[in-house]
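Shown next, in structure tokens, is the structure this report addresses.
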Amino acid sequence: MPIGINNNDQLTLYFRNGMEKVIDAVSEEVLDTLQIFIETNVYDAAQRDFEREWYYKGNKRPTMQFLNAFRWDNMKETSKEITRVLFYDWATMGVGTTGKDGDYLHTQNGDFRENMAEAFNVDGYVEGEFNSRKREPYWDNFIDAMFGGEKQLDELFKKYISKYI
């Protein structure tokens, strides 16, 4: 079906609407990719060497609150650009009581939530209260996948621009 574009305003609106769809779709896939890196480099790294007894007593699984604390803000538009920011919203993480000692691990010995994103982005062995374990830098690995050799972000934009514009 041909697009009825008769003036610059209609052309601008067509591209703006298309780019909003592109940015929404790319944002969703970027967050999915980040979550894979967190699951692999943070949660699975902890599970690999030993069972995490201090997670939920019934299923020994983490709360996934760290994973879910990464969010996109709303799109911001100017006459020349549309932007969106990915951020770590640590305050959404609970401080409830389900762990081994009655607290989530990230609030034992003080509230650690604000610093978790940086602290978990390590490469090498981390000494913990219960055991040492090898971690990989989830954020560095994610950024490398998006912008480094794989250039996943470029590919995502190509995919969705061809779909929506």
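Quick grid of which residues meet (1) farther than 30 Å from E81 by Cα; (2) at pLDDT below 85:
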residue	(1), (2)
P2	no, yes
D24	no, no
V30	no, no
L34	no, no
N41	yes, no
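All conditions but one from (1) at pLDDT below 80; (2) more than 21 Å from the chain's Cα centre (by Cα) apply to K80; the one that does not is (1).
The values are calculated or read from the model by the stated rules, or taken from the named source; none is laboratory data. Since we're looking at a predicted model, the values are computed, not measured.
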